[in-house]
Amino acid sequence: MSGGYYSREGIIGGNYGLSNYDRFTLRESLQAKLFDKSSERNYFNAADFSTSASYAHITSTGISENTEYGSILGSALGMSPIETIYADEATEELYKTLYPEGYPYIVRDADGRAFTIVDGVKYNEQSNPMAMLNRPGAVYTTDKFVANASATLQIWDNLKFKSSVGVDLAFWGNHSYSTPYFLSSKNFKYDTVSNTTVYDDKGNPSTTSKTNYGSSASQEMNRSLLWQVENVLTYDKTFGKHSINVLLGQSALRSSSSNVGASANGLMYGYDPWKISVNNTLGQQKDGDRNGWGSWNSIVYSLASYFARVSYNYDERYMLEATLRRDGSSRFGINNKWGNFPSVSAAWNFRNEEFMSAFNNLSMGKLRASWGVNGSDAIGNFTYAVYMSSGNNYVFGSGAVGSENVSIGTKPSGLANPNVRWEESIQTDLGLDLGFFANKLTFTVDYYMKKTSGMLLSMPVPGYAGDSAPTGNLGDMVNSGYEFDLNWRSSVGDFNYYIGANATYNRNELTYLGDDATSLYGSSHKIGQLTRGVVGLPFPYFYGYHALGIFQNTEEINSYVGKDGNLIQPNAVPGDVKYEDINGDGVIDADNDRTYIGKGIPDWTFGINFGFEYKGFDMSVLLQGQLGAQAFNVTRRTDLYYINLPRTILNRWTGEGSTNSAPRFTWDGGSNENYRVSNLWVEDASFLRARNVQLGYTLPQDLTRKAGISRLRVYLQAENLFTLTRYTGCDPEVTGSNSGYGTEVGIDRGVYPQARTFSVGLNLNF
Amino acid sequence: MKKIIYLLSAALCLSLSSCSTDFVTAVHNSSEPMDEYFINEDRMFQGLVAAYDPLQWFDYFYQYNPLPLVSDIMADDIYCGGSNEGDQPILVKTHYYEVTATDLCNQIWTIAYSGINRCYHVLEYVDGVPGMSNETKTLYKAEANVLAAYYYTILWKFWGNIPYYDENLTAPYFAEQLNHDDVYTKIVNKLEDVFKLNILPMKVAGGNEGRVSLAMAYMLYAEVVMYQKDESRYATALGYMEDIIESTQYDLVSDYASLWVEGGEWGKESIWEINYISAGGVRSWGSPIATGGNVYSILIGIPGGVPGYFDDGWGFSPVAKSAYDMYDDADIRRDGGILNLDKFCEENNVTYDHANDRWQATGYFLYKYIARTNDNHGYLGDNTLNYGNNIRVYRFAETLLNAAELAVLTGADGKDYLQRVRNRAHCPDTGTTREDIIEERHKEFVGEGKRYWDLVRSGLATNVLKAENHLYRKKDWNESLKYWPIPQSERDKDPNIDQNKYGL
């Protein structure tokens, strides 16, 4: 039985209760021997039973990030830094005359101080971010129950049957409310009355009034249920130096989900949070001020598997294993549901050979080889078929005579791909494990080659097909490389220490990509698509123009000519980017002059860890890093003019000789299109990061034992203590939102930064 | 012990049921597969409604591309405007003839093809719907075909050489790109096939306003025939215009200014409008294509507003002083279509602070579609995105002017038709040459998205749309600017699409 509590305040808005996370957990587990008659008979002679159950309750609040319009983060980044947070008394007086209707709804902090109302004409819907933080947010709650039970029965001497059942039941939802507010003339909401005039056949008007409520409440609850069963029969037998293990099994899982919610406008009992609920509202359904919704899916996802495994071990020297799986997934159409996935492996523990007995210093020595096929069904549900979706409505009738009516429209939810099937990966691995001096020194090296075929990706369907693209099995890819792991652990007197390093070298190559053999992904506003897949190159890679530098003066522009003597970039002025005319046709165009300009996948990833322990003191350090990866920095909003810019804008071209790597300042890139996709926005994303550093002290036991404590350790910990990188964005660790194969890998659209965390801790054992 | 065996066998039974393929079939309780959906007339009507749906997206679908605005900022009456030159850079580039394959109003492309896709779903399924009369089936087919022709016309006018298909694409979803002349032939044939069905009513019944009528299809026909300068079809188009006129189901209203208020929607002059609704409108920043109001009105609204008369807007589409000045004082279309703000303030004894003026401000606003106070009554979504102002696509005045022009082009006399329009506007007869008619259209349709296409098709664009005649533009219009570049993202996915030689 155990319990836990965890609480965290967010970096942005945490102290306003808008970005917090609280979790309470309770866990229970039980093992029981049902009977044991193994001394009496050799059939049905023993049975075990075990259960575990856990419950978690999570409450969180959040602010929206990465949205262009009206978000707190967007406003904080976009707002002029010299705007004041609070309005002084004189300004408040001014507001009364400037915004006579809106002023009563000005946002105030807990002490009643009024926040500055920003100029709506200037900022549109962007507003004072501090005022926005002081408005109510949504509270999300989750209740999660996980229960597992399993029973094992000894059927015969070496034959065992195990059956297990698991259930994962989750309820999650949110409740939120909104009170009237006035942030600016472009961002406000309070009760207003509007009049609708309609005309009868004779043209006589009749007018009705309606309140547009400025307050609202909403609530939503979701439920998901996932169950799974697994049955496994194992046979274990050792005779002489032979040992054999056979396993036959089957498993199945299924999930379902449902959701229900309601919202209504017009809070009835004022704005006391404790009295706010959807029930306590004035809005009427006929006016559209009261909404309810619900959906129910009895079977969202099912997965069935059968598996068999045979292992053989001779004298702890030779080991062989073969596995066969057959999996069926509901995510594929009728002809593609099932896939077969075999694998085999072998190992030779040569240390145990007699001829090795002379090599005393070698404490471990093993050669490994394996080959296997894996399947993936990591796509959405129902993508193989066309299902209808409603809400594609249109208005018929005339407002002038009050016959205007919304008609319900229905269309397919998107293009479908009935042929979508399992993605398969064939992985071959060769490995060597060595240990020396009683495993003080260990060394492991692996070579791997993983061939993926039928990668599940969004199909590159042109927009003119008229609907959204389905998922397809698009291409084949090979990842191959080496993994190294070296560790040394020893002691000098009381001084125990260890040092270790690991490194992975990976080479990635696209080997097949459908018939059209080219695809682009990862579009960004204004500058087009950023990544591409081409056979023979890493997948995905950054695809764009190759910048040669900056035109320093007019002579450089005039001397940059094609074969016919024509200016290659006639629209350029000094300070603009000079692009390479790759095919030499005298013009810079999208078809012929875009090329490989980098990739987001690193060549090398590595880790270094070391530490020691001496007379109660201990220290550990974990460093991580990557080499050979680039990041595409598209964090600057080139579609907006009046926004703050990162400090790097100071390094721009300002005159002849100032720089050769950043163009002059322009609103939109100018007629030379300086912001087009080019290597100017691709930066080295190599880094070395101190992921974790810990310093601890354990009090001597003879001291603590008197207080009934068997061990007491205090420690100081720093996470992300420092990062060495040349990358100018927030964080060089840009993994991108991974859809399928991560066509976004390396694209930095403004990642939420990783926190540098310092913590002081105490470990107590009784 | 026995209990355990029961338990284990129960688990085993449960799991053996998973052997079947039925087990690994998911059930969609909240939706039905398309092939089983269209089982009655109501559902087929939903499919037809979905084909109309994209008509209302152009004004706001992540880009602000109302078709009248995008067309007019390429001509001479309307500037781009907005808070500054960087407010909507894509519109500014369109305004300056500096469109590129990555900086263009590409949502027009996406929206029009979405509409085409939905029209073809109607055509694909309507024949198989049980219990639906043949007459209704034919009507739906006619509507879907005219809508598809309308969407193709938009693409054809902006891009010319476009991928074209007559039924929905299947994997790998590529279509052949047709030359602009061939696209024209396809569109005009599509409409002619619809006319043979003889099913569309000249005017739709009350409550159905917004659906395709025969008059609307005739207007579309005349538009494409005249834009293509297809002399072989001038006589037919003229005949269609005369059919509309002789049907007497449409007429000019006497008060030009009354055309543009809510009470003027779907009046006797209206042939086809894109419907927007304010009461109950659910359009919001998060749902840019939900059904509700028009964003165009706030887009071109007066910055800061005039309390009691006009709502605070974003200042796009300022009207050029030259447009206001082209009218005679007696012409009711001047102040019935264009708002002279200072004059308005003087007459109504209110004030306007010109410190609110935005980029390219002229003091003249497009009265026709401007955000008037209370135009967004009863909305449920965001206040600024739910103005009820319908977009007037075809008015009877254009029928008359089409008829006049087609008459002149076929050697007949168009004077009577032309003079009906002038009489309504309180204007005298000032001649009936083709140039006179184009100039009359200029005055009649300011801000209705007609002017640019009129200049291009009449050949006047090269002379009129010169940088020297424009306060801001630095490039002259020339024939190479007729077709925008195909969006680069489309050519990245379909390398067989040839690029238009825009500006080259």
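The values are calculated or read from the model by the stated rules, or taken from the named source; none is laboratory data. Owing to the predicted nature of the structure, the values given are computational and were not obtained by experimental measurement. As a convention, Cβ positions derive from the backbone with ideal geometry for all residues, glycine included, and neighbour counts pool all protein chains shown. Accessible surface areas use protein heavy atoms only, side chains included; no ligands, DNA or RNA. Shrake-Rupley method; radii C 1.70, N 1.55, O 1.52, S 1.80 Å.
Taking every protein chain into account, the 1.4 Å probe leaves residue A:207 with about 90 Å² of accessible area, to the nearest ten. Listed by chain and number, the lysines whose alpha-carbon sits under 26 Å from that of residue B:474, ignoring those within fewer than 8 places in the same chain, are A:526, A:578, B:93, B:157, B:321, B:443, B:450, B:466, B:482, B:501. What separates the Cα centres of region B:240-309 and region B:322-401 is a distance of 12 Å. Roughly how much accessible area, to the nearest 100 Å², goes out of reach of solvent when B and A pair up, both sides summed, probe 1.4 Å? That pair of chains buries around 8100 Å² in total.
The residues of region B:252-294 have, on average, 26 Å² of accessible surface per residue, using a 1.4 Å probe with all protein chains present.
Which lysines, on any chain, are close to residue A:706 with Cα under 20 Å apart, when same-chain ones fewer than 8 places away are left out? Those lysines meeting the cut-off are A:615.
Mean per-residue shielding of peptide B:167-174 is 6, counting Cβ atoms of other chains within 10 Å of each Cβ. The order of the peptides B:451-458, A:165-172 by mean Cβ neighbours within 10 Å, most packed first, is B:451-458, A:165-172. Count Lys and Arg as plus one, Asp and Glu as minus one, and take only other residues whose Cβ is under 12 Å from that of residue A:665; the net charge is then +1. For region A:316-393 versus region B:424-466, the spacing of their alpha-carbon centroids is 73 Å. When all protein chains stay in place and ligands, DNA and RNA are ignored, the 1.4 Å accessible-area order of A:606, A:542, A:239, A:758, largest first, is A:758, A:239, A:606, A:542. Accessible-area loss of 30 Å² or more (1.4 Å probe, protein heavy atoms, chain alone versus all protein chains) is found in region A:464-486 for A:464, A:465, A:466. Taking the protein heavy atoms of region A:211-266 in the context of the full set of protein chains, the accessible area attributed to carbon and sulfur is 55 percent at 1.4 Å. Which number comes out as Rg/Rh for region A:228-330 once both Rg and the Kirkwood Rh are worked out on C-alpha atoms? Answer for region A:228-330: 1.49.
What do you get for GluC sites (Glu not before Pro) in region A:323-422 restricted to DSSP loop and a cutoff of at most 16 other Cβ within 10 Å of the site's Cβ? Filter output for region A:323-422: A:353. Choose one of B:399, A:412, B:276: the residue whose Cα lies farthest towards the positive end of the charge dipole of the protein assembly as shown (beta-carbon charges +1 Lys, Arg; -1 Asp, Glu; about the Cα centre). Farthest towards the positive end: A:412.
Projected onto planes of every orientation and averaged, the convex hull of the alpha-carbon atoms in region A:280-425 covers 18.4 nm².
When Lys and Arg each count +1 and Asp and Glu each count -1, what net charge do the other residues less than 13 Å away from residue A:2, Cβ to Cβ, add up to? Taking every other residue near residue A:2 into account, the sum is 0. Whole-Hz Karplus ³J(HN,Hα) for region A:307-321, in order, using 6.51 cos²θ - 1.76 cosθ + 1.60 and θ = phi - 60°, x for Gly and Pro? Working through the residues one at a time gives 8, 9, 9, 10, 10, 9, 9, 10, 6, 6, 10, 10, 10, 9, 8 Hz.
Can you tell me the 0 to 90 degree angle between the C-alpha axis of helix B:134-159 and the longest principal axis of chain B, rounded to 10? So the inclination is approximately 60 degrees. Within 10 Å of the Cβ of each residue in B:204-211, the mean number of Cβ atoms contributed by other protein chains is 5. Rounded to the nearest 10 degrees, the inclination of helix B:234-247 to the longest alpha-carbon principal axis of chain B is 90 degrees. Remark on chain A: hydrodynamic radius 32.7 angstrom, per the Kirkwood mean of 1/r across alpha carbon pairs.
Comparing Cα centroids, region A:674-692 and region B:28-43 end up 49 angstrom apart.
Per residue, the accessible area of region A:288-363 comes to 53 Å², computed with a 1.4 Å probe over protein heavy atoms only. Under a Cβ-Cβ cut-off of 9 Å, what is the net charge of the residues other than residue B:177 that fall near it, where Lys and Arg count +1 and Asp and Glu count -1? After counting each charged neighbour, the total is -3. Take each residue of peptide B:488-497, count the partner chain Cβ atoms within 10 Å of its Cβ, and average: the result is 6. A Cα-only calculation for chain B places Rg and Dmax at 25.6, 108 Å.
Based on C-alpha pairs under 8 angstrom that are at least 6 apart in sequence, region A:205-327 has a relative contact order of 28 percent. Relative contact order of chain B: 19 percent, from C-alpha pairs under 8 Å at least 6 residues apart in sequence. Accessible area ranking (1.4 Å probe, heavy atoms, ligands and nucleic acids excluded), largest first, for B:244, A:155: A:155, B:244. Taking Cα atoms only, the orientation of helix A:89-98 departs from the longest principal axis of chain A by about 60 degrees.
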